[in-house]
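Here is the structure we will look at, set down as structure tokens.
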Amino acid sequence: MTETVEASIYDYPQYYELLFGSDVAAENRFLKKCFQKHACCEVRRIFEPACGTGRLLVKLGRAGFDVAGNDLNAKAVEYCNRRLKRAGLPESVVVGDMADFQVDGGFDAAFNTINSFRHLATERQAVGHLRSIAGGLTAGGLYVLGIHLEPTDGQPIQEESWSSRRGNLVVNSYMWSKGIDRATRLEHLGMNIDVYTPARHLRIVDHMEYRTYRWSQFQSLLKKVPELEIAETYDFSYRIQCPIQITSRAEDVVFVLRRK
Ligand SMILES: C[S@@+](CC[C@H](N)C(=O)[O-])C[C@H]1O[C@@H](n2cnc3c(N)ncnc32)[C@H](O)[C@@H]1O
């Protein structure tokens, strides 16, 4: 029998981590290479806004960086801090809103991949976020920001699915676009997560909104935070030797922003 709950996947850190945590090596390798190639300072202190379960952050901490982060979801923060503690690192992640935050002592680099930034629903929140980042970054430091742009040419991706297994636990997810409200620029997304164990099938029915960005809209946002400049652009293949030019068809873009 299937048990169905309407909930956020972020309230189930163990299932989130199983789904998305298995393949972090390419992302972390790319981040480290970005720091070496584009930062004009030595990167030691790293901050991740919307860090969630610490999918990327914990490994960077283990690699010797001084890491910290924030997230709105208290369950994710608790999970992440437990992992940091298990790794012998300070429990440096706090519950906080990435739209408006300050970090004691600042940081040399920050990152925010896989569209988390698009959770900020309004222009005001997005500007507040970039100003908070700029306020905390060392001069010459980096903000690596990965988002899906809305292409103005060609068909955008409408659905994605993931699947992962650990022993008898299997987690499958399917996410689809329900459409974009043009007045608010919010894309409505449905997400079903099916969790299977030998004794149970749990279906988590999730819904989220992501703010949409065309390239021109992202450029106009950046103009509001002149302390940050684009150092380089990549895509989600995370190849440091292959920067990209943004075209009208570009979707998955990693912006490497530098603090002037
Ligand atoms: C797609 S997950 C990414 C988590 C993590 N960065 C990763 O790469 O696995 C998005 C995260 O954004 C968090 N989030 C959403 N809105 C937020 C906000 N305004 N401030 C801080 N965190 C937020 C959610 O709780 C969730 O953990």
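The values are calculated or read from the model by the stated rules, or taken from the named source; none is laboratory data. Just so it is clear, the model here is predicted, and its values are computed rather than measured. Here Cβ is always computed from backbone atoms with ideal geometry, including for glycine, and neighbour counts include all displayed protein chains.
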Here the residues within segment 24-83 that are under 13 Å from the mean Cα position of the chain (by Cα) and among the β-branched types (Val, Ile, Thr) are VAL24, THR53
Top-ranked residue of segment 28-54 - restricted to ones that are in contact with a Phe, Trp or Tyr (Cβ under 6 Å, 6 or more places away or on another chain) and part of a loop (DSSP other than H, G, I, E, B), ranked as farthest from ASN73 (Cα to Cα): VAL43
Which pairs do you get when a residue that is under 12 Å from GLN125 (Cβ atoms), found in segment 95-107, comes within reach of a residue that is of a type in the set (Gly, Ala, Ser) and near the ligand (Cβ under 6 Å from one of its atoms), reach meaning Cβ atoms under 6 angstrom, with the pair 6+ apart or on two chains? MET98/ALA50
Can you tell me how many residues within segment 66-95 are touching a strand residue (DSSP E or B) at 6+ places or on another chain (Cβ under 8 Å), farther than 16 Å from GLN14 by Cβ, hydrophobic (A, V, I, L, M, F, W, C) and surrounded by fewer than 21 Cβ atoms within 10 Å (Cβ to Cβ)? 4
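Every residue, every condition in (1) at pLDDT 95 or above; (2) within 24 Å of ARG166 (Cβ to Cβ); (3) out of contact with any Leu (no Cβ under 9 Å at 6 or more places or on another chain), yes or no:
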{"site": "THR2", "(1), (2), (3)": "no, yes, no"}
{"site": "TYR10", "(1), (2), (3)": "yes, yes, no"}
{"site": "PHE30", "(1), (2), (3)": "yes, no, yes"}
{"site": "CYS80", "(1), (2), (3)": "yes, yes, no"}
Please verify whether segment 47-67 includes one or more residues that are within 13 Å of the ligand (Cβ to nearest atom), assigned by TED's automatic domain parsing to the domain that holds GLN125 and out of contact with any helix residue (DSSP H, G or I) (no Cβ under 8 Å at 6 or more places or on another chain). no
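Yes or no: ASN112 of a type in the set (S, T, N, Q) and within 11 Å of the ligand (Cβ to nearest atom)? Walk me through it before giving the result.
On the way: of a type in the set (S, T, N, Q): yes; within 11 Å of the ligand (Cβ to nearest atom): yes.
Answer is yes for this residue.
Evaluate the following for LEU31: is it assigned by TED's automatic domain parsing to the domain that holds LEU130, within 28 Å of HIS207 (Cα to Cα) and within 15 Å of the ligand (Cβ to nearest atom)?
Values: assigned by TED's automatic domain parsing to the domain that holds LEU130: yes; within 28 Å of HIS207 (Cα to Cα): no; within 15 Å of the ligand (Cβ to nearest atom): yes.
Spelling it out, it is not the case that LEU31 is assigned by TED's automatic domain parsing to the domain that holds LEU130, within 28 Å of HIS207 (Cα to Cα) and within 15 Å of the ligand (Cβ to nearest atom).
Rundown of residues vs (1) within 30 Å of GLN14 (Cα to Cα); (2) surrounded by 15 or more Cβ atoms within 10 Å (Cβ to Cβ), yes/no style:
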position	(1), (2)
MET191	yes, yes
ASP194	yes, yes
LEU202	yes, yes
VAL205	yes, no
TYR210	yes, yes
LYS224	no, no
GLU227	no, yes
GLU232	no, yes
ARG239	yes, no
Of the residues VAL94, VAL127, VAL103, which is assigned by TED's automatic domain parsing to the domain that holds THR53, in a loop (DSSP other than H, G, I, E, B) and more than 8 Å from the ligand (Cβ to nearest atom)? VAL103
